[in-house]
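Peer 1: Before anything else, here's the structure in question.
The values are calculated or read from the model by the stated rules, or taken from the named source; none is laboratory data. This is a predicted model, so every value here is computed, not measured. A quick note on method: Cβ atoms are made from the backbone with ideal geometry, for glycine too, and the neighbour counts reach across all protein chains shown. Areas reflect the complete protein model, heavy atoms only, side chains present, ligands, DNA and RNA absent. Shrake-Rupley method; radii C 1.70, N 1.55, O 1.52, S 1.80 Å.
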Amino acid sequence: MSGLSRRAFVRAGLAAGVGLGIGVPLGLGASGSASTGTVLRSGLPLPTAFTRPLPVPPVLAPVRRDASTDHFEITQARAMVSLLPGVRTEIWGYNGIFPGPTIVSRRGRTTVVRHRNLLPVPTVVHLHGGRTPHDSDGYPMDLHPPLSTTDYTYPLDQRAAALWYHDHRMDFTGPGVWRGLAGFHLIRDDEEDALGLPAGARELPLMLTDRSFAADGSLRYPSLDPTLTMTPGVTAPYMAGVLGDVMLVNGAPWPLADVDGAQYRLRVLNACNARRLDLRLDPGGSLTQIGTDGGLLATPVHHDHFELAPAQRLDAIVDFSAYRPGTEVTLVNDFGAGRMGEVLRFRVGERAPDRFRLPDRLSAIEPLGPPVVTRTMRFAYEGASRGWTINGQGFGTDVIAARPALGTTEVWRLMTDFHHPVHLHLNPFQVLSRGITGPGEFDAGWKDTIDLRPAEEAAIAVRFDGYRGKYVFHCHNLEHEDMMMMANFEVV
Ligand SMILES: [Cu+2]
């Protein structure tokens, strides 16, 4: 029902012609062409940067372990928290916190997460990057009503990687994640352990989210969901994507992290609804990439900047011993204008013992077999009647865009009009090409989300394995996703 009303709203907004549908870039907003979306301004003074310490989400303890399985429990609940100084903000959080608690799993052991929904709306939990049986994957229509309890079972027979879990409710993923329903889920394995990577306080999960706040401290989000208490806004311009004007890292605005003069492992997640990031260290320094969405790369790659689209992850080593003690090192975002050009500051302390030596070789990336079929998936705005589409169609549970056979490899050619971060559920993929060139400099390794730029064509190879059943793939600009830029594939 809510889906229908939202779709009716989409059509109304499109029919109103709010800068849409005539080949003009949609709502690019003050941040320029780096993101497809519109900045939603906060109604309160923005806080001073680099005063609040960086919070790190707590690691969730299992309630029980047996021979094969670790059992966790999470309650989805509203909570009043302090995100900005001087005001209180209602969030929807896993265990009432934002980000939610970090789940840590071991490859080869099953993880079961029991979610209890104390929110006023149905929810769906998706483990992003998980190789998960259909019935636990968080299909957008597998709604779990208020006061229900649901077990999600994750076999997690997959490589060590930084996954994340978030709400995936049909038509309402954008507002759900915006209000706080997101958390890290890390997978460990023997291969990763053998590298002796920086760990404990020297492994920092960094969830980057832009948000906007009303004058009373509540989160602003344009939405017609009558069950939400968000400030109603002008909605149509934001259908291209909602961009906030406050950068939160692990829920804190522009925080400050005190670090030793040593190597750190940064597990960066772009959990923004629509904002793309171009990350760089100021005053210089290497973001040494060791991994991506689907785990370790074959070899480390030194980057002086790194572009990260919504839902993508960067696993990087930063060597703070390269700076003089007392140096302030800022993680900046070159895609952001004004205050959004900065993310997080590190204050470098004294040199500290550090036994980690970056190896030349990290992992083996297995090449995929030859494809049995090549398909084309076109992501485009199709005018007032159809909105955001894939191959000309908006999402429907019965719209099956592909029926890959279990165990086979396919090549998908992805074509776009605007920025669309395209995400496939179930299986990671490898980027084969962009246009007439090879993969881009940020495309290495196993990906589950590819950052497609306007009018771009890319080819990916994916092997559909693990489980049969119906899964979705979609744009991870959450406003595009909610407005139907999603389709099914059914593994048969
Ligand atoms: Cu999109």
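Peer 1: Can you find a residue in segment 273-289 that is in contact with a Lys or Arg (Cβ under 7 Å, 6 or more places away or on another chain), modelled with pLDDT of 95 or more and in a strand (DSSP E or B)? Before you say what the answer is, go through the steps one by one.
Peer 2: Kept after step one, since they are in contact with a Lys or Arg (Cβ under 7 Å, 6 or more places away or on another chain), are these residues of segment 273-289: none.
Taking every residue of segment 273-289 in turn, none turns out to be in contact with a Lys or Arg (Cβ under 7 Å, 6 or more places away or on another chain), modelled with pLDDT of 95 or more and in a strand (DSSP E or B).
Peer 1: Taking segment 376-408, which residues are under 20 Å from HIS134 (Cβ atoms) and open to solvent by less than 20 Å² (accessible area, probe 1.4 Å)?
Peer 2: ILE390, PHE395, GLY396, ALA402, PRO404
Peer 1: Oh, and also: Can you tell me which residues in segment 254-268 are in contact with a Ser or Thr (Cβ under 9 Å, 6 or more places away or on another chain) and farther than 20 Å from GLU350 by Cβ?
Peer 2: TRP254, PRO255
Peer 1: Here is a list of conditions, (1) within 14 Å of the ligand (Cβ to nearest atom); (2) among the aromatic types (Phe, Trp, Tyr); (3) over 23 Å from the mean Cα position of the chain (by Cα), and TRP388 meets all of them except one; can you say which number that is?
Peer 2: Answer for TRP388: the failing condition is (3).
Peer 1: Just to be sure I understand, how many residues within segment 169-178 are touching a Leu at 6+ places or on another chain (Cβ under 7 Å) and open to solvent by less than 10 Å² (accessible area, probe 1.4 Å)?
Peer 2: So the count comes out to 5.
Peer 1: Then there is this: So the check is Cβ under 6 Å with 6+ separation or different chains; which pairs have a first residue in segment 54-69 that's within 17 Å of HIS115 (Cβ to Cβ) and a second one that's among the polar types (S, T, N, Q) and not in a loop (DSSP other than H, G, I, E, B)?
Peer 2: PRO57/THR102; THR69/THR110
Peer 1: Go through (1) touching a strand residue (DSSP E or B) at 6+ places or on another chain (Cβ under 6 Å); (2) in contact (Cβ under 8 Å) with a residue 40 or more places away in the chain; (3) not charged (D, E, K, R) for GLY338 and report which single condition fails.
Peer 2: Only one criterion in (1) touching a strand residue (DSSP E or B) at 6+ places or on another chain (Cβ under 6 Å); (2) in contact (Cβ under 8 Å) with a residue 40 or more places away in the chain; (3) not charged (D, E, K, R) is unmet by GLY338, namely (1).
Peer 1: Which pairs have Cβ atoms under 7 Å, sit 6 or more apart or on different chains, and link a residue in segment 411-427 that is more than 17 Å from SER136 (Cα to Cα) and in a strand (DSSP E or B) to one that is within 14 Å of the ligand (Cβ to nearest atom) and among the charged types (D, E, K, R)?
Peer 2: Taking only residues 6 or more apart or on different chains, the pairs are MET415/ARG378; THR416/GLU456; PRO421/ASP451.
Peer 1: Tell me, which residue of segment 430-462 that is buried (at least 17 other Cβ atoms within 10 Å of the Cβ) and among the acidic types (Asp, Glu) is farthest from TRP164 (Cα to Cα)?
Peer 2: GLU456
Peer 1: Moving on. Residues of segment 409-429 being out of contact with any Gly (no Cβ under 6 Å at 6 or more places or on another chain), open to solvent by 30 Å² or more (accessible area, probe 1.4 Å) and more than 14 Å from the ligand (Cβ to nearest atom), which ones?
Peer 2: ARG413 - this is the single residue of segment 409-429 that is out of contact with any Gly (no Cβ under 6 Å at 6 or more places or on another chain), open to solvent by 30 Å² or more (accessible area, probe 1.4 Å) and more than 14 Å from the ligand (Cβ to nearest atom).
Peer 1: Could you tell me which of the residues VAL113, VAL121 is out of contact with any strand residue (DSSP E or B) (no Cβ under 7 Å at 6 or more places or on another chain) and open to solvent by less than 10 Å² (accessible area, probe 1.4 Å)?
Peer 2: VAL121 is the lone residue from the list that is out of contact with any strand residue (DSSP E or B) (no Cβ under 7 Å at 6 or more places or on another chain) and open to solvent by less than 10 Å² (accessible area, probe 1.4 Å).
Peer 1: On to the next question. Restricting the first residue to segment 91-111 and requiring it to be under 16 Å from GLY180 (Cβ atoms), which pairs with a second residue that is aliphatic (A, V, I, L, M) and open to solvent by 50 Å² or more (accessible area, probe 1.4 Å) meet a Cβ separation below 7 Å and a spacing of at least six or different chains?
Peer 2: PRO101/VAL59; THR102/VAL59
Peer 1: Counting just the residues of segment 430-478 that are touching a His at 6+ places or on another chain (Cβ under 7 Å) and away from the ligand (no atom under 16 Å from the Cβ), which one comes out nearest to PHE172 (Cα to Cα)?
Peer 2: We begin by selecting, within segment 430-478, every residue touching a His at 6+ places or on another chain (Cβ under 7 Å); these are 448-449, 452-454, 467, 469-477.
Next, only the ones that are away from the ligand (no atom under 16 Å from the Cβ) stay: 467, 469-471.
Values: TYR467: 26, GLY469: 23, LYS470: 20, TYR471: 18 Å.
Only one residue fits best here, namely TYR471.
Peer 1: I need the full set of residues from segment 479-492 which are away from the ligand (no atom under 11 Å from the Cβ) and either open to solvent by 10 Å² or more (accessible area, probe 1.4 Å) or of a type in the set (A, V, I, L, M) (or both), in order please.
Peer 2: ALA487, GLU490, VAL491, VAL492
For (1) touching a residue at least 60 places away in the same chain (Cβ under 8 Å); (2) in contact with a Lys or Arg (Cβ under 9 Å, 6 or more places away or on another chain); (3) among the basic types (Lys, Arg), each residue gets a yes or a no:
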residue	(1), (2), (3)
ASP451	yes, yes, no
ALA455	no, no, no
ILE460	no, yes, no
GLY469	yes, no, no
HIS480	yes, no, no
MET484	yes, yes, no
VAL492	yes, yes, no
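Condition check ((1) open to solvent by 60 Å² or more (accessible area, probe 1.4 Å); (2) under 27 Å from VAL422 (Cβ atoms)) across all residues:
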{"site": "PHE306", "(1), (2)": "no, yes"}
{"site": "ALA316", "(1), (2)": "no, yes"}
{"site": "ARG339", "(1), (2)": "yes, no"}
{"site": "VAL348", "(1), (2)": "no, no"}
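Peer 1: Which residues, counting only those in segment 142-168, are part of a loop (DSSP other than H, G, I, E, B), touching a Ser or Thr at 6+ places or on another chain (Cβ under 6 Å) and open to solvent by 10 Å² or more (accessible area, probe 1.4 Å)? Before you say what the answer is, go through the steps one by one.
Peer 2: First, the residues of segment 142-168 that are part of a loop (DSSP other than H, G, I, E, B): 142-143, 145-148, 155-160, 168.
Subsequent filtering for residues that are touching a Ser or Thr at 6+ places or on another chain (Cβ under 6 Å) retains 155-156.
Result: PRO155, single match.
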